[in-house]
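Contents: one structure, followed by commentary.
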Amino acid sequence: MALYSEKVMDHFLHPRNVGVIEDADGVGEVGNAKCGDIMKIYLKIDNEIITDVKFETFGCGSAIASSSMATEMIKGKPVTEALELTNKAVAEALDGLPAHKMHCSVLAEEAIKNALEDYQNKKK
Ligand code: FES
């Protein structure tokens with residue numbers, strides 16, 4: 001069996017939503033101390049709806065695929081729904097990740113939560 005699903009390979013080779021949003025309403029950055037990988041998420045939010053999302057990931061293939069899939073999953077969604085996104089849901093949407101690569105999907109969940117937190121702090 002191949003180590004990575006077709007979906008993981010597709011999102012790794014053709015990542016969606018790569019880039020920067022200059023006037024983002026929320027920015028989140030997280031890193032994994034063990035592997036040294038870093039992920040940054042930019043959100044544009046209008047009326048509590050995520051209208052645009054971009055990411056930059058300096059990391060492994062699974063981290064790139066996870067961020068690509070996670071951004072697709074929250075685009076156009078309300079903030080409340082995005083807050084509930086779990087790394088498990090991201091991994092499932094990718095048709096699974098090898099056990100030792102699950103932590104890469106955690107980065108995506110954390111980066112999104114971080115960006116949403118930044119958005120909520122800015123609103124205050
Ligand atoms: Fe570091 Fe995948 S090995 S995020």
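The values are calculated or read from the model by the stated rules, or taken from the named source; none is laboratory data. A quick note: this is a predicted structure, and the numbers were derived from the prediction, not measured. Here the Cβ positions follow ideal geometry from the backbone for every residue, glycine too, while neighbour counts run over all protein chains shown. Remember, those area values only see protein heavy atoms, side chains included, never the ligands or the DNA or RNA. Shrake-Rupley method; radii C 1.70, N 1.55, O 1.52, S 1.80 Å.
When the residues of region 36-50 are narrowed to those that are touching a residue at least 60 places away in the same chain (Cβ under 8 Å) and not β-branched (Val, Ile, Thr), which ends up farthest from the ligand (Cβ to nearest atom)?
Among those residues, the one meeting the criterion is Leu43.
List the pairs whose first member sits in region 51-79 and is within 10 Å of His11 (Cα to Cα) and away from the ligand (no atom under 13 Å from the Cβ), whose second member is open to solvent by less than 20 Å² (accessible area, probe 1.4 Å) and of a type in the set (A, V, I, L, M, F, W, C), and whose Cβ atoms are under 6 Å apart, counting only residues at least 6 apart or on separate chains?
Qualifying pairs under 6 Å: Met69/Val90; Met69/Leu94.
Name every residue in region 56-72 that is of a type in the set (Gly, Ala, Ser) and surrounded by fewer than 23 Cβ atoms within 10 Å (Cβ to Cβ), in order of residue number.
Of everything in region 56-72, those that are of a type in the set (Gly, Ala, Ser) and surrounded by fewer than 23 Cβ atoms within 10 Å (Cβ to Cβ) turn out to be Gly59, Gly61.
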